[in-house]
Each structure stands twice: as structure tokens, then as C-alpha cells.
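Worksheet: the structure to be examined is printed underneath.
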Amino acid sequence: MGEQAAQPRRPGIGVGVVVTSAAHPNCVLLGKRKGSLGAGTYQLPGGHLEFGESLAECAARETLEEAALRLRHVRFASAVNAVCASQRYHYVTVLMKGEAEPGAEPRNQEPDKNEGWEWVKWDEFPPADQLFWALRCLREQGYNPFSEELDHLKGYTGSHQLE
């Protein structure tokens, strides 16, 4: 009976969702994390990409599961590679953008993982040290959810070393 060699750790693959709403101009949906990793920091809806799932399907599923919102016009926004060695955290997160259905408001479906959801103006965000890593990296790229430009990716080397 041979022993298998230890597999090297690999990054996780996540999908984060920048949710906008016509009822809340220039705002995106933010929640505040609970739990050991990133507790008290602001996050977007999102989670792990399931086997065989498209990025848009994952974005729609996670937003429905976490915030009870159905999305429309789901599309690519960005990608970040966030590493925090001290927390043994390394995720490649694909950020998608979607619009909440008209008239819909979020409900916190996972109160054990999230304090609640709120619409926050993109230009009035909390400071970077209060953002969970994927969202912090997205902001550092210069992404603007209210522009369809992808200029924030020009020159992006794919690495964010966080502490």
C-alpha cells in the first residue's frame, strides 16, 4: 500500500458579484462578513464556483442564495488574484456584475455568515482596510461598475499581496 505524495495547495476559485439597482443609483450591494476570516469587513455577494457551472450561473445562484435577489444582465467585470500568506488565503476571484430585478430589495439569507445587506454609493465606500480582499483588490484596480470600460485591467499583472 503506497502512500500518496502530499498535494500542493492550490488557490480557490471564487465568484464575486457587483450588484446594482435602478432604485439605488450609483450604489452597489455590500454585506459585512461574520466568521473567522475577514470578520467585520465588507463583502460582495459571492462564493465558490461549482463544477460545470458558468460564471454567470454562479453569480446568479450565489446572489439568490445570499441576498434573495434575482439578477439580470449578468456579465464579466474583472478578475483578481488575492494572496494573504499569513492567513493561508489565496483566491482567484472572478467578479461579475448584475442588476437586481426592478423593485427587489435584498434579504439576508445567511445571517450566520453576514450581518446584513445595504446599498452603498460606490464613491462613498468604506476605506480599503475595511473591505474583504477581493473587493479591496477590485477597488485598487480602479474598476467602476457604472462604466462598461475595462480600462482598469490595463497593466494588471494578476497579483495582490495582502497583509
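Using only side-chain charges placed at the Cβ, +1 for Lys and Arg and -1 for Asp and Glu, the dipole size of region 1-159 relative to its Cα centre rounds to 320 debye. The angle between the Cα long axis of helix 55-67 and the longest principal axis of the Cα atoms of the chain comes to about 70 degrees, rounded to the nearest 10. Per the Debye formula on identical point scatterers at the alpha carbon atoms of region 79-163, with no solvent, log10 I(q)/I(0) at q = 0.11, 0.15, 0.20, 0.26 Å⁻¹ is -0.38, -0.70, -1.17, -1.42.
Amide hydrogen proximity for Lys34: with H placed 1.01 Å from N in the peptide plane, the residues at 5 or more positions away or on another chain lying under 5 Å are Gly40, Asn114, Glu115. With the charge dipole of region 48-163 set up from +1 on Lys and Arg Cβ and -1 on Asp and Glu Cβ about the Cα centre, the Cα lying farthest toward the positive end among the listed residues Pro127, Leu138, Pro106 is that of Leu138.
All Cα-Cα distances of region 24-99, cut into 10 Å bins from zero to the largest, leave 16, 49, 31, 4 percent in each bin in turn.
The three principal axes of the C-alpha atoms in the chain carry coordinate ranges of 61, 35, 30 Å, sorted with the longest axis first.
When only the Cβ of Lys, Arg, Asp and Glu is charged (+1, +1, -1, -1), the dipole of region 112-154 relative to its Cα centre reaches about 140 debye.
Do the sum for the chain: with -39,500 (n - 2.57) for every DSSP H run of n ≥ 4, divided by all residues, what is the mean residue ellipticity at 222 nm, to the nearest 500 deg cm²/dmol?
Details: 2 runs with 22 residues, N = 163.
Computed ellipticity for the chain at 222 nm equals -4000 deg cm²/dmol.
Amide H to amide H, with H built 1.01 Å from N, Ala77 comes under 5 Å of Leu95, Met96, Lys97, counting only residues 5 or more places away or on other chains.
Of the residues Gly38, Pro11, Gly116, the one whose Cα sits farthest toward the positive end of the charge dipole of the chain, with +1 on the Cβ of Lys and Arg and -1 on the Cβ of Asp and Glu, is Pro11. Phi-derived couplings, Karplus 6.51 cos²θ - 1.76 cosθ + 1.60 at θ = phi - 60°, listed residue by residue for region 36-45: 6, 9, x, 3, x, 9, 7, 9, 8, x Hz, with x used for Gly and Pro.
With loop membership from DSSP and a limit of 13 other Cβ atoms within 10 Å, the longest segment of the chain without trypsin sites (Lys or Arg not before Pro) is 10-69. For Arg72 and Glu115, the difference between the fully extended length at 0.36 nm per residue and the C-alpha to C-alpha distance is 13.0 nm.
About the Cα centre, and with charges only on the beta carbon of Lys, Arg (+1) and Asp, Glu (-1), how big is the dipole of region 58-127? Nearest 20 debye, please.
In total the dipole reaches around 340 debye.
Calculated accessible area for the chain comes out at 57 Å² per residue, all protein chains present (probe 1.4 Å; ligands, DNA, RNA ignored).
If we count every other residue with Cβ under 14 angstrom of Glu65's Cβ, Lys/Arg +1 and Asp/Glu -1, where does the sum land?
Numbers: positive: Arg61, Arg70, Arg107, Lys113; negative: Glu50, Glu53, Glu57, Glu62, Glu66, Glu110, Asp112.
It works out to a net charge of -3.
The label point for Gln87 and the one for Glu101, both projected 7 Å from the Cα toward the Cβ, are 3.3 nm apart. Taking amide H as placed 1.01 Å from N in the peptide plane, the amide H of Ala104 sits under 5 Å from none that are at least 5 places away or on another chain. Pairs of Lys residues in the chain that lie 8 or more places apart, or on two chains, and have C-alpha atoms under 23 angstrom apart add up to 9.
Could you work out the local net charge near Glu124, counting Lys and Arg as +1, Asp and Glu as -1, over the other residues with Cβ closer than 14 Å to its Cβ? The partial results should precede the final answer.
Details: positive: Lys121, Arg139; negative: Glu118, Asp123.
Local charge sum for Glu124: 0.
Taking the chain as a Gaussian network, Cα atoms linked when under 10 Å apart, which of Cys58, Cys84, Cys27 shows the biggest mean-square fluctuation? Largest GNM mean-square fluctuation: Cys84.
The values are calculated or read from the model by the stated rules, or taken from the named source; none is laboratory data. Just so you know, these numbers come straight off a predicted model, no measurement behind them. Methodologically, a virtual Cβ is constructed for each residue, glycine included, from the backbone with ideal geometry; neighbour enumeration extends over all protein chains shown. Heads up: the accessible areas ignore ligands, DNA and RNA and are worked out on the full protein's heavy atoms, side chains in. Shrake-Rupley method; radii C 1.70, N 1.55, O 1.52, S 1.80 Å.
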